[in-house]
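Novice: This is the structure I have questions about; it appears just below.
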Amino acid sequence: MKDHGKIKVACVIGTRPEVIKMAPVIYELRRYPYYEVTLLCTAQHRELMDEMLTIFSLKPDIDLNIMKKDQSICTLTSELFAKIEPILKNKKYSLVIAQGDTTTTLVTAEVCFFNKIPFAHIEAGLRSYDFHQPFPEELNRVFTAKLATWHFAPSKEERSNLILEGIKNKRIFVSGNPVIDALYMLARNERKLPFKLPENKRVILVTIHRRENFGNPIKNIFSALNRLTEIFNDIVITYPVHPNPQVNKLAYEQLSHNSSIMLLEPLPYDAFVTLMNKSYLIMTDSGGLQEEAPALGKPVLVLRKKTERPLIIKLGLGRLVGTEIESIINNATDLLTDPMQYQAMAKHISPYGDGHAAEKIVNVISHYFLHGLQSVALRNESDQAF
Ligand code: UD1
Ligand code: UDP
């Protein structure tokens with residue numbers, strides 16, 4: 001440890017999933033008296049981020065209040081650069097941590113690189129190998145990897161992806177994804193849902209927000225959902241709608257007439273975890289849900305053409321169904337009519353973490369600050385991989 005005071009660490013978050021995934025890391029860092037942790041919130045998301053901060057009893061130390069309605073990636077990026085740099089430059093952090101593939105994360109990594117501040121990247125190494133799917137997230141995470149000092153990978157697969165890109169093995173640690181830590185923390189207690197689910201119906205949980213699905217793909221997905229409720233009279237579709245106007249407007253236009261589809265406000269994580277647990281099947285284009293659903297034993301239909309989480313598909317825990325109407329209906333029908341196919345996918349397996357990712361991440365960071373690079377390299381050789 002540095003003998004002059006505390007080690008200053010900044011955790012940077014901007015969106016709903018970043019709060020969920022960073023919360024366990026912040027809790028873990030705060031267990032140790034030698035860290036001074038700053039929670040820097042860009043508020044790339046406003047209400048979604050605030051709601052999650054409340055659930056995890058976190059308060060921003062710095063709030064950049066960036067979000068604009070229907071923001072473009074370029075405007076968002078320039079605002080983030082202008083507001084993040086002065087803070088990271090002036091506060092003299094020993095380490096900055098961010099996770100995943102958002103614009104907040106990429107800009108943070110760049111600001112750190114330009115100012116020579118060590119940067120740790122959580123959820124490193126996920127790859128779809130297509131810069132347009134998911135867009136712009138694949139580019140964000142590839143570029144972030146080029147800039148990071150430390151890489152915390154969800155599983156061995158992501159370590160291999162990073163090594164293929166020339167990242168040094170000694171900089172990569174297989175920790176699992178802290179989203180699973182957060183999930184297990186919240187899944188212990190069932191919450192009362194802020195709406196009533198109809199009895200004797202199987203619940204299908206849907207979320208959609210990816211940019212590459214805007215326009216025709218989303219329209220196809222909505223047509224397939226409407227059609228499924230015509231085919232099956234024992235299902236109810238619950239759909240917490242993302243506030244992005246590109247999604248929200250179309251969802252209400254195309255689905256609000258359907259009494260078997262419940263359009264909901266975005267749910268706080270505790271209620272959302274309860275709803276996942278009550279669901280029979282999850283259909284989504286989300287990143288995080290592809291990891292959470294199998295961990296809860298729920299089959300997941302991925303409403304995309306490519307995924308950065310191929311393990312889910314390889315292990316038979318999810319299916320990559322794309323956004324064509326027929327494919328969505330056929331795959332959902334398989335799981336709604338064939339118990340064998342359903343059971344084969346509902347396995348309670350968590351390939352992307354065992355619920356102790358934050359512990360492993362902070363352990364590595366602490367070893368570095370307390371004992372230096374050599375000790376971290378030794379840990380890397382012996383780390384527990386999934
Ligand atoms: C962002 C991330 C995406 C992540 C997703 C999680 C980027 C480029 N995208 O996508 O990787 O999967 O968050 O949900 O970083 N909005 C609100 N209130 C909110 C949040 C969003 O009104 O609390 C609306 C605003 O009109 C905003 C728009 O949604 O402009 C888009 O938000 P943005 O963060 O740019 O993109 P997401 O699609 O949410
Ligand atoms: N989530 C939530 N409430 C909702 C929808 C999602 O708490 O109404 C959680 C979900 O469990 C997951 C995270 O938000 O942990 C995923 O967010 P999103 O799909 O927006 O982003 P992505 O994972 O695709 O980056």
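Novice: Any residue at all in region 124-133 that is outside the structural domain of ILE312 (by TED's automatic domain parsing), surrounded by fewer than 20 Cβ atoms within 10 Å (Cβ to Cβ), outside any loop (DSSP other than H, G, I, E, B) and without any contact (Cβ under 8 Å) to a residue 24 or more places away in the chain?
Specialist: no
Novice: Filter region 97-123 for residues that are over 13 Å from the mean Cα position of the chain (by Cα), within 16 Å of ligand 1 (Cβ to nearest atom) and either assigned to a helix (DSSP H, G or I) or not assigned by TED's automatic domain parsing to the domain that holds LYS360 (or both) and give the result. Before the answer, list the steps.
Specialist: Step one: of region 97-123, the residues over 13 Å from the mean Cα position of the chain (by Cα) are 97, 103-104, 106-121.
Within this subset, residues satisfying the condition of being within 16 Å of ligand 1 (Cβ to nearest atom) are 103-104, 106-111, 121.
Listed by number, the residues that qualify are THR103, THR104, LEU106, VAL107, THR108, ALA109, GLU110, VAL111.
Novice: Looking only at region 243-267, filter to residues that are open to solvent by less than 30 Å² (accessible area, probe 1.4 Å) and under 19 Å from LEU193 (Cβ atoms); which one of those is farthest from the chain's Cα centre (by Cα)?
Specialist: So, considering only residues that are open to solvent by less than 30 Å² (accessible area, probe 1.4 Å) and under 19 Å from LEU193 (Cβ atoms), the one farthest from the chain's Cα centre (by Cα) is SER260.
Novice: Among what's in region 3-30 and is outside any helix (DSSP H, G or I) and β-branched (Val, Ile, Thr), pick the residue that is nearest to the chain's Cα centre (by Cα).
Specialist: Within region 3-30, the subset outside any helix (DSSP H, G or I) is 3-15.
From the residues that got through so far, the ones that are β-branched (Val, Ile, Thr) too are 7, 9, 12-13, 15.
Details: ILE7: 27, VAL9: 22, VAL12: 14, ILE13: 12, THR15: 9 Å.
It comes out as THR15.
Novice: When you check HIS151 against the structure, is it open to solvent by less than 50 Å² (accessible area, probe 1.4 Å) and touching a residue at least 24 places away in the same chain (Cβ under 8 Å), yes or no? Full working, then the answer.
Specialist: Values: open to solvent by less than 50 Å² (accessible area, probe 1.4 Å): yes; touching a residue at least 24 places away in the same chain (Cβ under 8 Å): yes.
Answer is yes for this residue.
Novice: For region 268-306, give me the residue count where each residue is within 13 Å of ligand 1 (Cβ to nearest atom) and not in a helix (DSSP H, G or I).
Specialist: Total satisfying the criteria: 6.
Novice: Those residues that are over 19 Å from ALA271 (Cα atoms), in contact with a Pro (Cβ under 8 Å, 6 or more places away or on another chain) and open to solvent by 40 Å² or more (accessible area, probe 1.4 Å), I need them from region 34-70; list them, please.
Specialist: Across region 34-70, the qualifying residues are LYS69, ASP70.
Novice: If you don't mind, another one. For residues in region 342-360 being assigned to a helix (DSSP H, G or I) and open to solvent by less than 60 Å² (accessible area, probe 1.4 Å), which is farthest from LYS298 (Cα to Cα)? Steps first, please.
Specialist: Within region 342-360, the first condition is being assigned to a helix (DSSP H, G or I), and the residues that meet it are 342-345, 357-360.
Now narrow it down to the ones that are open to solvent by less than 60 Å² (accessible area, probe 1.4 Å): 342, 344-345, 357-358, 360.
Working: TYR342: 9, ALA344: 11, MET345: 7, ALA357: 22, ALA358: 24, LYS360: 26 Å.
That would be LYS360.
The values are calculated or read from the model by the stated rules, or taken from the named source; none is laboratory data. Computed from a predicted structure; not experimentally measured. Glycine also receives a Cβ, built like all others from the backbone with ideal geometry; neighbour counts cover every protein chain displayed. Remember, those area values only see protein heavy atoms, side chains included, never the ligands or the DNA or RNA. Shrake-Rupley method; radii C 1.70, N 1.55, O 1.52, S 1.80 Å.
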